[in-house]
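Okay, so here's the structure we're looking at.
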Amino acid sequence: MALNIMQLATMFADKNPGITQGHRLCPGCAAPNVAKFALMTAESLGYTPVVGLATGCLEVSTTIFPYTAWNVPYIHNAFENVAATISGVETAYRALAKRGRIVDPDKKYAFFAFGGDGGTYDIGLQSLSGAVERGHKFIYIVYDNEGYMNTGNQRSGATPPGSQTTTQPVGKKLPGKIQLKKNIVEIMAGHENVYVATVSTSEPMDFFKKIEKALQFDGPAFIAAFSPCVRFWRVNDDKAVDISKLAIETGYWPLYEVERGVYRITKKVKELKPVKEFIEAQGRFRNLLKRPDADEIIGELQEYITRRWERLHILEEATKDKPIR
Amino acid sequence: MPEVKNRQAVTGAQAIANAMRQINPDVVAAYPITPQTPVVEYFAQYVADGAVDTEMIPVESEHSAMSAVVGAAAAGARAMTATAANGLALMHEIVYIAASSRLPIVMPVANRALSGPINIHCDHSDAMAERDSGWIQLWAENAQEAYDLTLIAVRLGEHEDVRLPVMVNFDGFIISHGVEVVDFLDDEVVKKFVGEPKVKYPLLDVNNPVTYGPLDLYDYYFEHKRQQIEAMKHVKRVFKEIAEEFEKISGRKYDILDKYKVDDAEYIMIALGSTAGTVKYTVDLLREQGHKVGLVKPWIFRPFPKKELQELLNGRKAVIVLDRSASFGAEAPVYEAVKSALYEVSDRPKLGSYVYGLGGRDIKVDHIKQAFEEAFSGNINTDEERYLGLRE
Amino acid sequence: MADLKGWKELAIGGVIDKPSTAKEYQTGTWRVIRPVYKPENCINCMFCWLYCPDQAVEIEVVDGKPKMKGFNYYYCKGCGLCANVCPKSNDKLPEEKRAIVMKPETEFQD
């Protein structure tokens, strides 16, 4: 049965859902809610989470020694290796369980890895691919804020075209980043033995449901969470949810899942809004909008989004009831 | 592969794999690289055949191998990996993290030249690049020592006063692929010797959640480094204690330094690893000719055996240091450390630095004789790095 | 740095050996605008609780149902997300009808 907000509030009225107060993420950041939504779901379903973090906003801001904003077992190793690290933890769990050395063997352990888009799309991709291919039972969640925000907004493979970054700025001559965002969902879905889904905190029920599926899936899961960075997307502190809604309504961030090759769009948007609305709502595209070629760049993005949306529907239809294994 | 027991002619890789079989670690994560590959292959076969019930992670790189064993060790598992050369270099970032997280991982390293240009043969440039990483470094002369030191390493790293990862160095190809006679202990004896893993702050104790790897800024990082410095200070004492225990079960004696005919020696050579065997042979030859020569082979290079070398080398006529790696723009690593140690002794010997064997270049008796003879004739210069077996 | 621990007093390995220690860390000092709760307008939908990135919304369970209690200003960073997601606090509603009103910190003494 799908969880709802009232149930979760009742359950967590007087306890922390894995992550606690006192972290130093920017006001209005979406990342702590990504962690909170995922871990609340796990705990409410009777799982005991063990979390690994890649270096990034969520990591540095929650564990400044001697302060930790986690009340569950937590390990950070480095930037590019959270998947390998949690694969070691998960393997140790199996080894110790076999040898009767688990402290509390009756509990259901759930292994989570959180990484930003830098630690996932870019520097951590090999480690992630390896861990998923090996089939470790873990849930990898990327909080995708479309750049290296922890270090001040550098370009990543997840940065969209025309977004202002410090390492590929929109200049007088060059238009900034022109490449499309890497399609991490398709990359991960190509690993065969995996449950892959996109989520957004603006659709909490869909988010909870997908974490539940990921927990119950017999194998690794990869969840891409849209995670606005209010600071470097140049929006007001209270806009993370508004921007997320707009991303879904424009088709910029389609909500869907791929389970053993079967595609399913979980949020059908009747008529997509123009992506320009998403772009105009954020200061990070201000310099792009000033350029004479703005319409051309936005037009190309629009065309891509429209085609991807159509393609998703085709895939949904074509793969219906035809799991690949 | 035949079942290995008691006295067998085996390669060093087989000897180490057999040590790993007897240790039966909770988790092994490894990626193959020449010349370490047979260690992983033999061990994987043990796993496949059920000779161990270790959970093995066939990772996609050495970086992930070290990352996974860090995760496993933090979780509360006894974890091992093995590597060589570029694999160790790829691990480098996480090698430091393993040590600073105080995780007693044991890692045999089949020493091989670092690229580039790429080379697969023995030298010590891989391990020397990690000498300040916070790992204990043990050095084996042959397959027997590689086996013994791997067993000792488990106990050493896990000791309450130490809690550090241990690298067991054994020369690539020369030891890893060379066949030698090795005396193995019985499985039960090893099992008793290594005992149950001793864990501290296990991540999987979900009832007492801990945080590993926090952001440690200027207000605490220094204190954590000081703790690592302190842990290293306990290593030699603990090693001696464990070596004593090991002698009782094996009859084989280990110490900080392996001393060969040094009591009356006027000229002492220092060498790590398999070369020490060739030096011992040369020492015998030169002694037959009436030269008072000897060899010191550190079994431990990190922590550096400074006090032990000071005591031993004070008042000798000359000390010749062999290095199987270069330090570009500075003195070779073993030489530099020995020279620094001898600054404090009352009667400093003359010192000579010889770099040899890079990229697997053979070291022969004649080379060692040459270095000794230069010292006998007074042709020795503290400030000059010389090369054995190099074409001009 | 007088109250900082010396190296002999710390757990080894950089480990933080207790959970949730960040709860001692006050993030409320960052706040420049303050959410003010008006219980009379609240429908207890729990959106503010769900979305607060700092878990600064305090709730309690009354008769099996979650009820909004108010804000914990020790942690609240004043992002205003609570008011933005509150169905009873949108810009079209007059201030007196809203359940959460954002006010500048300068209006408060404490």
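The values are calculated or read from the model by the stated rules, or taken from the named source; none is laboratory data. Model, not experiment: these values are computed from the prediction. Please note: Cβ atoms are built from the backbone with ideal geometry, for glycine as well, and neighbour counts cover all protein chains shown. Accessible surface is based on the protein model in full, side chains and every heavy atom, while ligands, DNA and RNA are left aside. Shrake-Rupley method; radii C 1.70, N 1.55, O 1.52, S 1.80 Å.
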For the list (1) assigned to a loop (DSSP other than H, G, I, E, B); (2) in contact with a Gly (Cβ under 6 Å, 6 or more places away or on another chain); (3) open to solvent by less than 10 Å² (accessible area, probe 1.4 Å); (4) not assigned by TED's automatic domain parsing to the domain that holds B:SER325, I need the number of the one condition that B:PRO202 fails. (3)
Take C:GLY64 and tell me if it is open to solvent by 50 Å² or more (accessible area, probe 1.4 Å) and small (Gly, Ala, Ser). yes
Any residue that is touching a Ser or Thr at 6+ places or on another chain (Cβ under 9 Å), open to solvent by 20 Å² or more (accessible area, probe 1.4 Å) and in a loop (DSSP other than H, G, I, E, B) - is there at least one of those in segment B:168-176? yes
So, in segment A:134-150, how many residues would count as being part of a loop (DSSP other than H, G, I, E, B), open to solvent by less than 40 Å² (accessible area, probe 1.4 Å) and not hydrophobic (A, V, I, L, M, F, W, C)? 5
Selected residue (only one of C:LYS103, C:LYS69, C:LYS92, C:LYS88 is of a type in the set (D, E, K, R) and either crowded, with 17+ Cβ neighbours inside 10 Å or in contact with a helix residue (DSSP H, G or I) (Cβ under 8 Å, 6 or more places away or on another chain) (or both)): C:LYS88
Within segment C:32-50, restricting to residues that are facing chain A (nearest Cβ under 8 Å) and either open to solvent by 10 Å² or more (accessible area, probe 1.4 Å) or among the polar types (S, T, N, Q) (or both), the one that is nearest to B:ALA231 (Cα to Cα) is C:TRP49
Okay, helices (runs of 4 or more DSSP H) sitting entirely in segment A:25-133 with 3 or more residues that are within 7 Å of chain B (Cβ to nearest Cβ), crowded, with 22+ Cβ neighbours inside 10 Å and of a type in the set (A, V, I, L, M), I get A:82-98
Residue pairs qualifying under the 8 Å Cβ cut-off, at least six apart or on distinct chains, with the first in segment A:284-311 being aromatic (Phe, Trp, Tyr) and the second being at pLDDT 95 or above and in a helix (DSSP H, G or I), are A:PHE285/A:ILE279
Among the candidates A:LYS322, A:LYS276, which residue alone is over 27 Å from C:LEU50 (Cα atoms) and in a loop (DSSP other than H, G, I, E, B)? A:LYS322
Restricting segment C:7-31 to residues that are surrounded by fewer than 16 Cβ atoms within 10 Å (Cβ to Cβ) and part of a helix (DSSP H, G or I), which is farthest from the other protein chains (Cβ to nearest Cβ)? C:THR29
Listed by range, strands (runs of 3 or more DSSP E) wholly within segment B:1-114 having at least 2 residues that are more than 9 Å from chain A (Cβ to nearest Cβ) are B:7-11, B:106-111
Give the residue, chosen from A:GLY152, A:GLY176, that is in contact with a helix residue (DSSP H, G or I) (Cβ under 7 Å, 6 or more places away or on another chain) and more than 24 Å from A:TYR256 (Cα to Cα). A:GLY176
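Yes/no per residue for (1) among the polar types (S, T, N, Q); (2) open to solvent by less than 40 Å² (accessible area, probe 1.4 Å):
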position: B:ILE229; (1), (2): no, no
position: B:VAL238; (1), (2): no, yes
position: B:ASP255; (1), (2): no, no
position: B:THR275; (1), (2): yes, yes
Somewhere in segment A:222-233, is a residue within 14 Å of another protein chain (Cβ to nearest Cβ), touching a Phe, Trp or Tyr at 6+ places or on another chain (Cβ under 7 Å), open to solvent by less than 10 Å² (accessible area, probe 1.4 Å) and of a type in the set (Gly, Ala, Ser)? yes
Test for B:LYS236: is it in contact with a strand residue (DSSP E or B) (Cβ under 9 Å, 6 or more places away or on another chain), in a helix (DSSP H, G or I) and either outside the structural domain of B:ARG131 (by TED's automatic domain parsing) or among the basic types (Lys, Arg) (or both): yes
Can you tell me which residue among A:ILE298, A:ILE279 is over 22 Å from the mean Cα position of the chain (by Cα), modelled with pLDDT of 95 or more and open to solvent by less than 30 Å² (accessible area, probe 1.4 Å)? A:ILE298
Extreme residue, farthest from A:THR10 (Cα to Cα), among residues of segment C:61-102 that are more than 7 Å from chain A (Cβ to nearest Cβ), in contact with a Phe, Trp or Tyr (Cβ under 9 Å, 6 or more places away or on another chain) and in a strand (DSSP E or B): C:VAL101
Tell me the residue from B:SER61, B:SER100, B:SER115 that is over 18 Å from the mean Cα position of the chain (by Cα), closer than 30 Å to C:ALA11 by Cα and either in the same structural domain as B:THR150 (by TED's automatic domain parsing) or open to solvent by less than 10 Å² (accessible area, probe 1.4 Å) (or both), please. B:SER100
Matching residues in segment A:180-238 - criterion: being part of a helix (DSSP H, G or I) and among the hydrophobic types (A, V, I, L, M, F, W, C): A:ILE184, A:VAL185, A:ILE187, A:MET188, A:ALA189, A:MET205, A:PHE207, A:PHE208, A:ILE211, A:ALA214, A:LEU215
Within segment B:205-222, considering residues that are under 29 Å from the mean Cα position of the chain (by Cα) and facing chain A (nearest Cβ under 10 Å), the one most open to solvent (accessible area, probe 1.4 Å): B:TYR221
Quickly run through segment C:72-85 and pick out the residues that are surrounded by 17 or more Cβ atoms within 10 Å (Cβ to Cβ) and polar (S, T, N, Q). C:ASN84
Is there a residue being part of a helix (DSSP H, G or I), without any contact (Cβ under 8 Å) to a residue 60 or more places away in the chain, more than 14 Å from A:VAL196 (Cβ to Cβ) and touching a Phe, Trp or Tyr at 6+ places or on another chain (Cβ under 7 Å) anywhere in segment A:256-272? no
Please find, within segment A:1-24, the residue that is farthest from the other protein chains (Cβ to nearest Cβ) out of those that are of a type in the set (S, T, N, Q) and part of a loop (DSSP other than H, G, I, E, B). A:ASN4
